[in-house]
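First up is the structure itself, then whatever we jot down about it.
The values are calculated or read from the model by the stated rules, or taken from the named source; none is laboratory data. It should be emphasised that the depicted structure is a prediction, and the values quoted were computed from it without experimental measurement. Please note: Cβ atoms are built from the backbone with ideal geometry, for glycine as well, and neighbour counts cover all protein chains shown. Heavy atoms of the whole protein, side chains included, go into the accessibility calculation; ligands, DNA and RNA do not. Shrake-Rupley method; radii C 1.70, N 1.55, O 1.52, S 1.80 Å.
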Amino acid sequence: MNMDNLRQLSIKQLSNVRSLEEANMVNLVKKRHLTRLKLFWNGVSNPDIDHQEVLTALQPPPTIRELIITWYEGARLAPWMDTPSLSRLELLQLDSCTSWEELPPLWKLPCLKFLKLSHMKAIRSLGCHFSDCIDIQFPVLENLDFRDLPLWEEWNGADDYIWFPHLKCLQIQNCPKLQKIPGLPLSIENLWMGDLGLEALPLSYKCSNGSRTFGGFQQLMSLECLRIDGCPGIAQIGSIGEGDDNILPSSLKELGILEEHKYLASCLRGLILLTELYLYCSPNMESLPLANELEHLIALRSLRIFNGEALTSPGGLYIIKSLTSLYIYDCPKFLSTEVESQEFLEDKIRKHAVLSSSVFDHSASNKAATILPSSLEDLKFINS
């Protein structure tokens with residue numbers, strides 16, 4: 001109660017609070033130096049205490065910059081969770097607040113740079129309503145992380161306002177009912193979308209004199225990491241606009257996608273900086289692309305291939321001379337048409353590793369070169 005010089009405070013087992021008076025005694029709002037606060041409601045709740053009243057009593061001071069709330073079971077917000085009380089807030093994490101149905105207008109927070117919402121089971125919509133919106137939402141936000149919002153269907157105002165113009169990292173996972181997100185600014189560097197109901201790739205946009213100009217996904221030239229999985233509506237990226245020179249931005253260094261064989265080559269086109277590739281095979285994919293479709297991947301060092309039930313042929317994989325790590329997960333038929341036994345595969349790899357040596361017969365070495373690249377240092381076959 002009297003620790004008015006606290007800078008950081010973490011309070012756990014708030015479910016053990018015996019009375020509202022006990023919560024009021026903490027007197028957080030008077031601790032003018034407090035910048036970081038964590039509130040945890042883990043444990044068996046006292047049925048005689050209203051969670052919303054306890055949260056109201058634990059109002060932080062206006063100096064608060066980082067706020068984390070976990071396992072809060074109340075369905076209502078505390079009155080202080082509005083922008084005037086949190087005007088200096090830079091980081092906000094709300095985790096496992098399973099009864100929370102509505103969020104405060106977080107998009108108005110003028111200093112918020114990091115926002116994470118996870119395991120929010122009751123949230124159905126996010127975003128602003130037309131009556132309380134400003135033109136720019138999340139004006140300085142850089143990192144946005146949404147996970148496990150199973151009922152979330154609508155992002156209100158997704159097409160009507162400028163959203164997070166300085167965003168660098170966006171991660172949205174396990175929101176199966178979400179069909180649309182706002183356009184992405186050119187500042188985006190990392191994007192991970194998993195298990196969503198999206199019907200199309202989000203557009204890119206740039207701002208000029210307060211207005212937006214929309215473009216294709218390939219315009220996101222700051223994007224270095226892109227992971228898309230469990231999004232059936234946008235699974236086949238390579239089928240989008242086959243006339244375009246590059247469908248994905250050439251700045252990509254890490255890519256995770258689900259693609260059919262006929263679209264995979266066009267999806268990988270132009271990615272000369274790519275160093276890591278996570279490939280989730282479509283059900284009917286039998287072969288990787290040919291050598292002339294992979295030879296431009298001159299920086300690729302790590303390749304992970306998943307769930308290739310029908311995958312048998314490595315295609316032109318041998319042409320990627322930079323590849324040092326190859327993991328094959330749950331691809332039981334991979335190389336089955338190329339090799340007679342595991343011992344034969346190992347012998348071919350050993351010979352391929354010394355292609356320049358005159359000790360080995362070059363016809364055998366060239367045959368080995370049609371399977372896997374000689375640059376490999378780490379090779380694993382993993383079946384669950």
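Could you tell me whether segment 147-154 includes any residue that is modelled with pLDDT of 95 or more, part of a loop (DSSP other than H, G, I, E, B), open to solvent by less than 40 Å² (accessible area, probe 1.4 Å) and of a type in the set (D, E)?
Checked against the condition, which is being modelled with pLDDT of 95 or more, part of a loop (DSSP other than H, G, I, E, B), open to solvent by less than 40 Å² (accessible area, probe 1.4 Å) and of a type in the set (D, E), segment 147-154 yields at least one hit.
What pairs come out if I take residues in segment 1-13 that are assigned to a loop (DSSP other than H, G, I, E, B) and pair them with residues that are surrounded by 10 or more Cβ atoms within 10 Å (Cβ to Cβ) and hydroxyl-bearing (S, T, Y) whose C-beta lies under 7 Å away, six or more apart or interchain?
R7/T35
Here are some residues: T63, T70, T98. Which one is surrounded by fewer than 18 Cβ atoms within 10 Å (Cβ to Cβ) and within 22 Å of K113 (Cβ to Cβ)?
From the options T63, T70, T98, the qualifying one is T63.
Being open to solvent by less than 40 Å² (accessible area, probe 1.4 Å), hydrophobic (A, V, I, L, M, F, W, C) and in contact with a His (Cβ under 9 Å, 6 or more places away or on another chain) is the requirement here; does L178 meet it?
no
Suppose the filter is open to solvent by 50 Å² or more (accessible area, probe 1.4 Å) and in contact with a helix residue (DSSP H, G or I) (Cβ under 8 Å, 6 or more places away or on another chain); does K108 pass it?
Taking the combined requirement at face value, the residue satisfies it.
Check off (1) open to solvent by 10 Å² or more (accessible area, probe 1.4 Å); (2) part of a helix (DSSP H, G or I); (3) among the β-branched types (V, I, T) for V54 and give me the number that stays unchecked.
Exception for V54: condition (1).
Among the residues of segment 260-288, which ones are open to solvent by 50 Å² or more (accessible area, probe 1.4 Å) and assigned to a strand (DSSP E or B)?
Once the filter is applied, which keeps residues that are open to solvent by 50 Å² or more (accessible area, probe 1.4 Å) and assigned to a strand (DSSP E or B), segment 260-288 yields only E276.
So N190 ticks every box in (1) modelled with pLDDT of 95 or more; (2) in contact with a Ser or Thr (Cβ under 9 Å, 6 or more places away or on another chain); (3) open to solvent by 40 Å² or more (accessible area, probe 1.4 Å) but one. Which box is left unticked?
All conditions are met except number (2).
Hey, could you check segment 204-222 for residues that are at pLDDT below 90 and assigned to a loop (DSSP other than H, G, I, E, B) and say which is surrounded by the most Cβ atoms within 10 Å (Cβ to Cβ)?
G216
Checking the condition of a type in the set (D, E, K, R) and out of contact with any Cys (no Cβ under 8 Å at 6 or more places or on another chain), which residue from E309, E276 passes?
Just one listed residue meets the conditions, E276.
Out of I172, I162, which single residue is under 17 Å from the mean Cα position of the chain (by Cα) and touching a residue at least 12 places away in the same chain (Cβ under 8 Å)?
Sole residue among the options that is under 17 Å from the mean Cα position of the chain (by Cα) and touching a residue at least 12 places away in the same chain (Cβ under 8 Å): I172.
Quick one: D195 ticks every box in (1) under 30 Å from T83 (Cα atoms); (2) open to solvent by 60 Å² or more (accessible area, probe 1.4 Å) except a single one, so which number is it?
(1)
Suppose we keep only residues that are part of a loop (DSSP other than H, G, I, E, B) and at pLDDT 95 or above within segment 33-51. Which one would you say is least open to solvent (accessible area, probe 1.4 Å)?
For segment 33-51, the residue satisfying everything is L34.
For segment 78-99, how many residues are under 25 Å from Y161 (Cα atoms) and touching a strand residue (DSSP E or B) at 6+ places or on another chain (Cβ under 8 Å)?
The qualifying residues number 7.
Restricting to segment 108-146, what's the tally of residues that are without any contact (Cβ under 8 Å) to a residue 60 or more places away in the chain and not in a strand (DSSP E or B)?
Going through segment 108-146 one residue at a time, the tally reaches 24.
Consider L184 against the criteria (1) at pLDDT 90 or above; (2) crowded, with 18+ Cβ neighbours inside 10 Å; (3) more than 21 Å from C128 (Cα to Cα): it satisfies all of them except one. Which criterion is unmet?
L184 satisfies all of (1) at pLDDT 90 or above; (2) crowded, with 18+ Cβ neighbours inside 10 Å; (3) more than 21 Å from C128 (Cα to Cα) except (3).
Could you please give the count of residues in segment 301-323 that are β-branched (V, I, T), open to solvent by 10 Å² or more (accessible area, probe 1.4 Å) and in contact with a Leu (Cβ under 6 Å, 6 or more places away or on another chain)?
1
Would you point out which residue out of L201, L191 is of a type in the set (A, V, I, L, M), in a loop (DSSP other than H, G, I, E, B) and out of contact with any Lys or Arg (no Cβ under 7 Å at 6 or more places or on another chain)?
L201
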